[in-house]
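Notes for the one structure printed next.
The numbers here are math on the coordinates, done by the rules we state, and not lab data. Source: prediction; values computed, not measured. For neighbour counting, all protein chains shown are included, and Cβ atoms are generated from backbone atoms with ideal geometry for every residue, glycine included.
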Amino acid sequence: MKDTAPAAVPWRGWPLVILRIAALGALLPLAVVAYYIATPLVRRNPVPRAFLASVGAICGLRIEVFGEEVSGPRVLLANHVSWLDILALARTSGAAFVAHDGLADFRPLRKLCEMNRTVFVARHERAGVAGQVAQIRSAIARNEALAIFPEGTTSEILLPFKSSLLSALEGDACAETAIQPVCLDYEGDLPKVAWTGTESGLRNALRILARWRPVRLTVHFLKPLEATQRSSRKTMAFTTQSAIAGTIARLR
């Protein structure tokens, strides 16, 4: 369980924290107004993607992309290091996300997530797997890109990929949907960015907002899974994790 200890931000970082929070506070109402103006005019509202990309830029996130993201209906399976991952994938792919239903407890945050077509699932309720499968398949049908973090939590190291949510990708229902591994690499910034252990979300956010140096992230779109690599949810989880682990090892 993450603790709630006050964030330790160096004095020289506080002016930047205040400036960035002010910028985010000014951006949010503008984005909400733009979202509701655009909603009846377009099939896919571009505001959430632009908003999340802008949040990333304000927070100091600098992204470089390698490889090519496939087109058409696709599910992106990525390693999970930080909440910055969401901003990065939203910017690069415009993806909707599968998130733990704990995020839905805070109503304003839930509303913002829903604007980006987030799918909330109860990961720890095994009895609800069938419902999760239905939710994810419905989300795939509604969105061109859906991002899933199979580790189920953030970590500084690559954790085993859980396969339960990948049940939605088995069989003929998603045969035409591409499954593409994505490696998120923070390089030397990894220990300073990762949200791990008992650190609270607030402390982690303040640490990042207090950074004068940008956070550099490379997003590697890897080769989509072939038919033989999609034979089962466990095969998909193992193949995807291996591809990401191999990329991280090669980059080091």
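Can you give me the distance in nm between label points at Phe66 and Glu156, each placed 7 Å from the Cα along the Cα-to-Cβ direction?
Going from the Phe66 label point to the Glu156 one covers 2.3 nm.
Please work out whether the range 96-252 counts as rounded, prolate or oblate from its C-alpha gyration tensor, where a ≥ b ≥ c are the square roots of the eigenvalues and a/c under 1.5 means rounded, while otherwise a/b larger than b/c means prolate and anything else oblate?
Oblate is the answer for the range 96-252, as a/c is 1.5 or above yet b/c matches or exceeds a/b.
Give me the number: length gained by fully extending Arg110 to Glu226, i.e. 0.36 nm times residue separation minus the C-alpha to C-alpha distance, one decimal in nm.
38.3 nm
Between the helical axis of 129-142 and the dominant principal axis of the chain, each derived from Cα atoms, what acute angle in degrees is found, rounded to the nearest 10?
80 degrees
Using a 10 Å Cβ count of at most 13 others and DSSP loop calls, identify the longest part of the chain lacking such GluC sites (Glu not before Pro).
Value returned for the longest uninterrupted segment is 1-67.
How far is the Cα center of the range 135-171 from the Cα center of the range 204-243, in Å?
Between the Cα centres of the range 135-171 and the range 204-243 lies a distance of 11 Å.
Only bridges with both residues in the chain count here: give the DSSP antiparallel percent, nearest 5.
15 percent
Find how much the distance from Thr235 to Trp212 grows on full extension, using 0.36 nm per residue of separation minus their present alpha carbon separation; answer in nm with one decimal.
Separation in residues times 0.36 nm, less the Cα-Cα distance, equals 4.1 nm.
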